[in-house]
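Only one structure is covered here, and it is reproduced in the block below.
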Amino acid sequence: MKLNELTITEAREGLKNKKFSSSELTRACLEQIEKHDAKINAFITVCKKQAIEQAKEADKLLSNGAMEQWSNLPLLGIPIALKDLYSTKDIKTTAGSKVLKDYSPVYDATVVKKLKDAGAVIIGKTNLDAWAHGSSGENSDFGPTKNPWNQEYVPGGSSSGSAAALAADMYLAATGTDTGGSIRLPASFCNLVGLKPTYGRVSRYGIIAMASSLDSIGHLAKTVEDSALLLNITAGNDVFDATTPKKPVPDYQKGLQKGIKELKIGIPKEYLQTGLDEKVKENFEDTKRILSRLGANLIEVSLPHTEYAIACYYIIQPAEVSSNLERYDGIRFGNDRSFFTDEAKRRIMLGTFTLSAGYYEAYYKKAMQVRTLIKKDFEDAFVKVDALIAPVSPTPSWKLGEKVDDPLKMYLSDVFTVTANLAGIPALAVPSGFINGLPVGIQILGPQFSEELLFQVGFAYEQATEWYKRKAILNL
Ligand code: GLN
């Protein structure tokens, strides 16, 4: 196996036992980027020089016995990437938009600081739908990202680059953001594990805001174990983000092996009705069989307001987008608004409309009331069951260009993901197999702050299925 193909857990072992150095590991990742990224287009910025320096620094610490303080430096020498929505000091941060094409922040986002403090090597900034608006990666002003499993297909968005490059083994993990599915969708389209944590579990400070009451800060990894390790680092209270509670951060890796015997897992019946691709349905039936075999009790539950979720999301989210993007119009600095592309303009107009006098009560306020009902659906379900499972998306990945001209079609790919954001609950996407050679995934949802349980279920399922072991074949 090549070094860049390792998981974080495997690479840590190798570094610890001096089988290879961080410089070798980092170089293997950089070579993979040089070889394949011209086709995949997963990066906006590759931080080659800095990464090589950070790796050297890590090697110095490693040879000085830093391994003894391993628990303080859980990512020492591990190459990772950041979605280009995360502010990085002195490194260009574009949000996938030409509006910010030359913007270099003066500070690091809290999560970036935490990852650096944990010893990570930052290898680059990944491509995304501009301002994180999208489900396919095609809304990026820096060109679409291709799916490494089949380059004619989309990798899923908006964390498109983070997912595609990870599936192409260009680094060992990457950050993402999930406002309505942007981590889970690309994770499932690229055969990866994607975590959308509970709202407020991870600080949003320094991450360019999309819709502030929905934005969740998570990551993509190759395995559930790696995902748990990353949350150990990123979770917790931050004085710069008032929505992060002072709740202790458990060791998320601790309960992985517990198994799922006797766990009550709910199947939301509304998720299996209209619009679900037949093959995705079959795949989901397989998942149910596997979970039963592992000892879980599967129980049908109802989330009756599911049918209003997309409509509700597409009122609340653009309303918040219109407010957050106001600061970037550049009018004060003599620019016009021409750098905003269609999708951002559409959302700004929609949001401005629903927030304006006379319409606010009919649209925004109503959507907020429906949001409360959606949240209550989940609360009622979690009285009966410990967790829920559902497909991530009603279809597998689609061809580049297939939905770009039909925003409604594109929006509908998020029917099963926006609900977790509206309710503020965590959800973990795990690979569940392949349809015509393209990966698909399931998601595990639980009550707020139940990430430990999600990892426990995800790990049991992943170890029983081993889909994560399959690798995309990249032809030159
Ligand atoms: N696809 C959804 C949208 O375009 C979600 C985006 C996201 O989670 N950032 O709004």
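The values are calculated or read from the model by the stated rules, or taken from the named source; none is laboratory data. None of these values were measured; they are calculated from a predicted model. We place every Cβ from the backbone using ideal geometry, glycine too, and count neighbours over all the protein chains shown. Ligands, DNA and RNA are excluded from the accessible area calculation, which covers all protein heavy atoms including side chains. Shrake-Rupley method; radii C 1.70, N 1.55, O 1.52, S 1.80 Å.
Results, tabulated for the structure shown:
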quantity	calculated
For segment 57-65, Karplus couplings with θ = phi - 60° (6.51, -1.76, 1.60), whole Hz, Gly/Pro x	4, 5, 4, 4, 4, 5, 6, 8, x
Other-chain or far-sequence residues with amide H under 5 Å of residue 449's (modelled H)	198
Prolate/oblate/rounded label for segment 16-123 (Cα gyration tensor, a/c 1.5)	oblate
For segment 431-438, 3J(HN,Hα) per residue [Karplus equation, 6.51 cos²θ - 1.76 cosθ + 1.60, θ = phi - 60°, Hz, x = Gly/Pro]	x, 10, x, 10, 10, 6, x, 10
Global geometry of segment 274-313, whether rounded, prolate or oblate, following the gyration tensor of its Cα atoms and the 1.5 cut on a/c	oblate
Listed residue pairs exceeding 25 Å between alpha carbons, taken from 89/345; 116/222; 48/114; 2/98	89/345; 2/98
Accessible area in square angstrom per residue, the chain, 1.4 angstrom probe	40 Å²
Loop-exposed trypsin sites (Lys or Arg not before Pro) per DSSP, neighbour cap 14 Cβ within 10 angstrom, longest uninterrupted part of the chain	102-245
Rounded Å value of the spacing that divides the Cα centres of segment 225-251 and segment 133-206	21 Å
Largest-first principal axis extents of the Cα set of segment 62-161 (Å)	46, 34, 17
Anisotropy class of segment 336-438 from Cα gyration tensor, a/c 1.5 cut	oblate
Contour excess over end-to-end distance, with Cα ends at residue 345 and residue 251 and 0.36 nm allotted per residue	29.6 nm
Principal axis dimensions, segment 87-217 - Cα atoms, whole angstrom, descending	38, 31, 30
For residue 297, net neighbour charge (Lys/Arg +1, Asp/Glu -1) across residues whose Cβ lies under 14 Å away	+3
Sparse-neighbour loop sites [GluC sites (Glu not before Pro); segment 253-327; at most 15 other C-beta within 10 Å; DSSP]	262
For the chain, calculated [θ]222 nm from helices alone, where every DSSP H run of n ≥ 4 adds -39500 (n - 2.57)	-11000 deg cm²/dmol
Partners for residue 264 among aspartates and glutamates (Cα-Cα distance below 19 Å; same-chain residues under 8 apart left out)	285, 286, 300, 377, 379, 380, 386, 451, 452, 462
Residues residue 412 and residue 369, FRET efficiency given R0 of 25 Å [Cβ-Cβ distance, rounded to 0.05]	0.65
Accessible surface of the chain [probe 1.4 Å, protein heavy atoms]: carbon and sulfur percent	52 percent
Under 16 Å from the Cα of residue 279 - lysines, other chains or at least 8 residues apart	288
Ranked by how many other beta carbons lie within 10 Å on average, peptides 410-419, 424-433 from highest	424-433, 410-419
Karplus-derived HN-Hα couplings along segment 172-185 (A = 6.51, B = -1.76, C = 1.60, θ = phi - 60°), whole Hz, x at Gly and Pro	9, 5, 8, 8, x, 9, 9, 9, x, x, 5, 9, 5, 5
Charge context of residue 370, other residues only, Cβ under 11 angstrom, K/R +1, D/E -1	+3
Qualifying GluC sites (Glu not before Pro) in segment 399-476, DSSP loop, other Cβ atoms within 10 Å at most 11	466
Simple spin-label estimate for residue 286 and residue 376 in nanometres, 7 Å along Cα-Cβ	3.9 nm
Within-13-Å neighbourhood charge of residue 442 [Cβ basis; K, R +1; D, E -1]	0
Cα coordinate range in the chain, projected on the principal axes (Å, largest first)	64, 64, 46
Amide H within-cut-off set for residue 441, under 5 Å, with H built and near neighbours excluded	392, 393, 432
Residues whose placed amide H lies under 5 Å from that of residue 266, excluding near-sequence neighbours	299, 386, 387, 388, 389
